[in-house]
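In what follows, a single structure is set out as structure tokens and then discussed.
What follows draws every value from the coordinates through simple rules; no lab data is involved. All of these numbers come straight from a predicted model, not from anything done at the bench. Because the Cβ atoms are built from the backbone with ideal geometry, glycine has one as well, and the counts that use them run over all protein chains shown.
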Amino acid sequence: MFKKYTLVALLLLGFIAQASANSSVKTAIASAHPLATAAGFEIISQGGNVFDAAVAVSATLAVVEPSGSGLGGGGYWLVHRASDNKTRFIDGREKAPLAAHKDLYVDSAGQVINPRLSLDGAKAAAIPGLPAALVHLAEHYGKLPLARSLAPAIRHARNGFVVGAHHLSLLKNRANVIKQFPASRDIFLVKGQLPEHFAVLRQVDLANTLNQLARHGRAGFYANEVADKLLTAVQRAGGIWTTEDLQNYQVVEREPVVGNYRGIKITSAPPSSAGGIVLLEALTILSAYDLAKLDKLTQIHLITEAMRRAYHDRALYLGDSDFVSIPVQRLLSNDYAAGLRSSIRMDAVLPSKQLSGDVLPDSEGGHTTHFSIIDAEGNRVAATLSINFPFGSGFVASGTGVLLNDEMDDFVSHAGPNGYGLVGSAANMIAPGKRMLSSMTPTFLEDDKRIAVLGTPGGSRIISMVLLATLEFAKATSPMSWVKLPRFHHQYLPDVLEYENTAFTQQEVVALKGLGHSLQATANPYGNMHAAVLYKDTHTLNAASDPRGEGFATVK
Ligand code: GLY
């Protein structure tokens, strides 16, 4: 499906760059791909609102950043509508197939049958939520017909786009998996090899599937021709999806979690994501310290100790709230935070093994995507979308162009080791129709002067990245400083303080080791945060895309 039509691609980019917003209300959009940001503005220029733009950006990311999200995956859209002051969390997370059970990936002795089964191929795939969520957004929040908002994505799938270095490097990592599946190989590889730089990726089957969705709404994906092809392909490849799974899939609108950190209102993701609870718990622990008055070393130490405790509770308590009862109020209460704070020492770490509770390994992929949109009236969307690992399960259902997720791996499914070291409990065990716990943390921040929209991909590190960005927002800096901030992360287990090379000085590394932290520099920078802000007094906007990625942020 690749053609080296560089000229065509450049013309196409030129056309997109010209798509400008005519709307009198200015809008800020920041996403992981320039074509996705342009798609959002294209729809605004046709009279769409930020929610129509969110449909366009989500669908375009599914086409032009297939490593991170797609129709075969799911996601969360945190939305706020200014006209009725309504803030809702649209949970379009994938669900376990009805034939799934807690021992899906282990034998009768509890041993993992094959560690790749929850990562690669059809059996790793949960029931997609993204198509249903796009329909829901268009029907309940948008002004334009779904077909109009999907048009840019359909065009990019049909005409193609030039693949970037990010796509090629992730493809290289997953090529061995993609090679195993003919439909995937035909789309993403060229004669079984990696495409060249500046190759144009065309996805005609995906364009047709998007077209079915545009014409028939949810029945265009979850029933009829596309559903038949999905089921045939999945079942032939050893997957366990049924007609009922597709027919039954529903998005859920939830109340977001809301908290306060030193005058900043935080609105974030409730379960089935761990994001909002872990973020707010860490911030509530930290709220008793005036970080600005402390030296940098003490700040890093306290933030790390707050992360350790909040991620510990992620492991102990969190899962799909439609299936398990989660003590949200207690976890977010000031009294609870005070109890956790009382175990924090200024001169030493509390090793994670001294925090109690039975937990099992839980893994989480790091490749996801995020975009942020806000207009001058305060309408806004923070959306984090995923197919889990880069290129998901690597499995495209033949004839659909739909690359399926490997989100089943986000459940606690076995007692063996895993690549990410996250731990969980029975709350996140596989059950039929259950959503697997996520770390995706689409978030709004608001103080008396500003409203910000932000989030990032990055697996378990998502929450710590949003935490650091929130603390940076508290310093009243610009969106660029929130997204480019050097990062560090602690997730309770493994008991390691990970950091980007630029985050700590050598002196700080030595001093942190002296406090008992076990430090590890990450091999590469991580995350790809996109943020947008509305300044309340001037009604002006600003936006920023993480310099670590290839995204594009602008205001029109
Ligand atoms: N699969 C990544 C997440 O949901 O956090």
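Structure notes:
- Share antiparallel - DSSP beta bridges, the chain, percent rounded to 5: 95
- A simple packing score, the average count of other Cβ atoms within 10 Å per residue, orders the peptides 124-134, 539-549 as 124-134, 539-549, with the highest score first.
- With Cα atoms defining each centre, segment 365-411 and segment 189-268 are spaced 8 Å apart in the structure.
- Residue ranges 343-351, 67-75, 163-171 sort as 67-75, 163-171, 343-351 when ordered by packing (mean number of other C-beta atoms within 10 Å per residue, highest first).
- Going from the residue with the fewest nearby Cβ atoms within 10 Å to the one with the most, Leu291, Leu283 rank Leu291, Leu283.
- Cα centre as origin, Lys/Arg/Asp/Glu Cβ charges: segment 404-547 dipole, Debye: 140
- Remark: spin-label model distance Arg236-Lys449 equals 6.0 nm, labels positioned 7 Å along the Cα→Cβ axis.
- Our note on the geometry: Cα centres of segment 429-508 and segment 143-157, 31 Å apart.
- With a threshold of 21 Å on the Cα-Cα distance, the over-threshold entries among Lys123/Lys179; Lys95/Lys265; Lys172/Lys229; Lys102/Lys123; Lys475/Lys536 are Lys95/Lys265; Lys172/Lys229.
- Calculated [θ] (222 nm, deg cm²/dmol) that DSSP helices of n ≥ 4 give over the chain, each run adding -39,500 (n - 2.57): -10500 deg cm²/dmol
- Relative contact order computed over the chain (Cα-Cα under 8 Å; 6+ residues apart), in percent: 23
- R0 of 35 Å, Cβ-Cβ distance Phe198-Asn176: FRET efficiency to nearest 0.05: 0.90
- Applying 1/(1 + (r/R0)^6) with r as the Cβ-Cβ distance of Arg345 and Asn501 and R0 = 30 angstrom yields a FRET efficiency of 0.65.
- Test item: Cα-centred dipole of the chain, Lys/Arg +1 and Asp/Glu -1 on Cβ, debye: 920
- On full extension, the segment bounded by Glu550 and Leu519 gains 8.3 nm, given 0.36 nm per residue less the C-alpha separation.
- Were the residues from Thr298 through Arg88 laid out at 0.36 nm apart, the gain over their Cα-Cα distance would be 72.0 nm.
- If the segment from Lys536 to Asp186 were pulled out straight at 0.36 nm per residue, it would be longer than the present Cα-Cα gap by 121.0 nm.
- Measuring between their Cα centroids, segment 271-337 and segment 39-80 lie 30 Å from each other.
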